[in-house]
Amino acid sequence: MRQTNLFTKTRKETPKDEVAKNAKLLIQAGYINKEMAGVYSFLPLGFLVLKKIEGIVRTAMNTLGSQELLMASLHPKENWEKTGRWNTLDVLYKVTDSLERETALGPTHEEIVVPLVKPFISSYRDLPFSVYHFQNKFRMEVRAKSGILRGREFLMKDLYSFHPDKEDFEEFYERAKKVYLDIFEKVGLGELTHLTFASGGTFSKFSHEFQTISDTGEDVIYICKKCGVAINKEIIDEQKVCPECGGSDLREEKSVEVGNIFDLKTKFSKPFELEYKDKQGERKDVLMGCYGIGIGRVMGTVVEVLSDEKGIIWPEAIAPFQIHLLSLGQNEKADEIYKKLKEAGKEVLYDDRDIKAGKKFADADLIGIPYRVVVSEKSLKDGGVELKKRKEEETKIIDIDELIK
């Protein structure tokens, strides 16, 4: 893409009404636009990153054998009354239309997915299975000050699994843990992200979160120095040692929750009478699990932990483009290289703007694309183009054919 065709522009100053680093940098670099507190639009560059993350997550969910669908955002009031959450969930947005009909904007989808699958489950032969979707969620977040880490509207992947018994559920749950850790590895957060034991609330003794170490995080976790598993601060008083290996040497860190998984047991199947007949013909409740990842939250967390004083540093797997091609002096050779790179299937943002070199370099650092390639009279005289990785200081001249390869 030619940068002259990109309708968005970088900003000289960071937005003064933002506190979070992720929002400041993403707005300044032209990835997102703030509509109101906790609500952001994703601009072309930001949308590309969002779709890259979504693609990684989708591939991972498919490896679990899960089936993708898309559920409604507008939920019937009676479904939420049936589970008892219409008047107890304090983040629930309630909407009344001109005919006085009340509905909810979905903050989560248990109240939709259970009645949705019920007509298709009658026998043990119909189990197990799992479904997932990517959907905008709406939560009445009173502390919407963390950019896209904590929004009132946000994109989330949630998966729901359905099982005939505890053993089947636990096998799937353990596979989901590993798949989640693989996701965070692929998006560039692997070394900083820890499987974290948290309170299971009304569902079970424990749930599991995936927490990424960040100085700006709102959570506090205690990481086992022996195995790397963590404990959320909310349960540390009752869980003094690592639940995974029994280690007692724990270190405290601030963190951001980027995903979670829950054992729902029959919490939502019972209200909707989601049952099946076992091999003996007895009716039994279906067991459920829930598995969530905030897609925008992952994007914001990457910016929080991987940026530097110059701007964003995107991991290659989720960068909007792989190469930022800078033309200095509006030379024809840069046009030729851009064409060759595109023909070779490379993702390229081509800075063909007629502006000073210093502004181009500053914007390249701010935008954070993994590789910067500069085409100038000097580089061409030296035998090619100047190549620099965003996260490194060193530059080198490489042959144009080598670059294409």
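The values are calculated or read from the model by the stated rules, or taken from the named source; none is laboratory data. Just so it is clear, the model here is predicted, and its values are computed rather than measured. Glycine also receives a Cβ, built like all others from the backbone with ideal geometry; neighbour counts cover every protein chain displayed.
Summary table
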| item | result |
| --- | --- |
| Total residues in the stretch 358-378, condition among the polar types (S, T, N, Q) and buried (at least 20 other Cβ atoms within 10 Å of the Cβ) | 0 |
| In the stretch 379-399, the residues that are modelled with pLDDT under 90, part of a helix (DSSP H, G or I) and surrounded by 11 or more Cβ atoms within 10 Å (Cβ to Cβ) | L380 |
| Criterion (in a loop (DSSP other than H, G, I, E, B) and more than 20 Å from the chain's Cα centre (by Cα)) met by exactly one of G151, G84 | G84 |
| Residue check for A334: modelled with pLDDT under 95, assigned to a helix (DSSP H, G or I) and surrounded by 21 or more Cβ atoms within 10 Å (Cβ to Cβ) | yes |
| Selection count, the stretch 349-378, where residues are part of a helix (DSSP H, G or I) and closer than 20 Å to D308 by Cβ | 10 |
| Only one of R125, R150 that is of a type in the set (K, R) and modelled with pLDDT under 95 | R150 |
| Contacts under 6 angstrom Cβ, first residue in the stretch 235-246 being of a type outside the set (D, E), partner loosely packed, with under 12 Cβ neighbours inside 10 Å, 6 or more apart | V241/S248 |
| Qualifying residue in the stretch 282-296 (condition: at pLDDT 95 or above and part of a loop (DSSP other than H, G, I, E, B)) | yes |
| Residue match in the stretch 202-211 (condition: of a type in the set (A, V, I, L, M, F, W, C), surrounded by fewer than 19 Cβ atoms within 10 Å (Cβ to Cβ) and farther than 25 Å from L287 by Cα) | no |
| Considering residues of the stretch 112-146 that are in contact with a helix residue (DSSP H, G or I) (Cβ under 8 Å, 6 or more places away or on another chain) and part of a helix (DSSP H, G or I) only, the residue surrounded by the fewest Cβ atoms within 10 Å (Cβ to Cβ) | F120 |
| Selection from the stretch 39-53 of residues that are in a helix (DSSP H, G or I) and surrounded by fewer than 23 Cβ atoms within 10 Å (Cβ to Cβ) | P44, F47, L48, L50, K51, K52 |
| Test: residue in the stretch 90-105 that is under 19 Å from the mean Cα position of the chain (by Cα) and either under 21 Å from G151 (Cα atoms) or crowded, with 20+ Cβ neighbours inside 10 Å (or both) | no |
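Quick grid of which residues meet (1) in contact with an Asp or Glu (Cβ under 9 Å, 6 or more places away or on another chain); (2) free of Cβ contacts under 8 Å to residues at least 40 places away in the same chain; (3) acidic (D, E); (4) in the same structural domain as M156 (by TED's automatic domain parsing):
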| site | (1), (2), (3), (4) |
| --- | --- |
| E282 | no, yes, yes, yes |
| I293 | yes, no, no, yes |
| P315 | no, no, no, no |
| G358 | no, yes, no, no |
| L366 | no, no, no, no |
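Yes/no per residue for (1) at pLDDT 95 or above; (2) part of a loop (DSSP other than H, G, I, E, B):
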{"site": "D215", "(1), (2)": "no, yes"}
{"site": "V258", "(1), (2)": "yes, no"}
{"site": "F262", "(1), (2)": "no, no"}
{"site": "H324", "(1), (2)": "yes, no"}
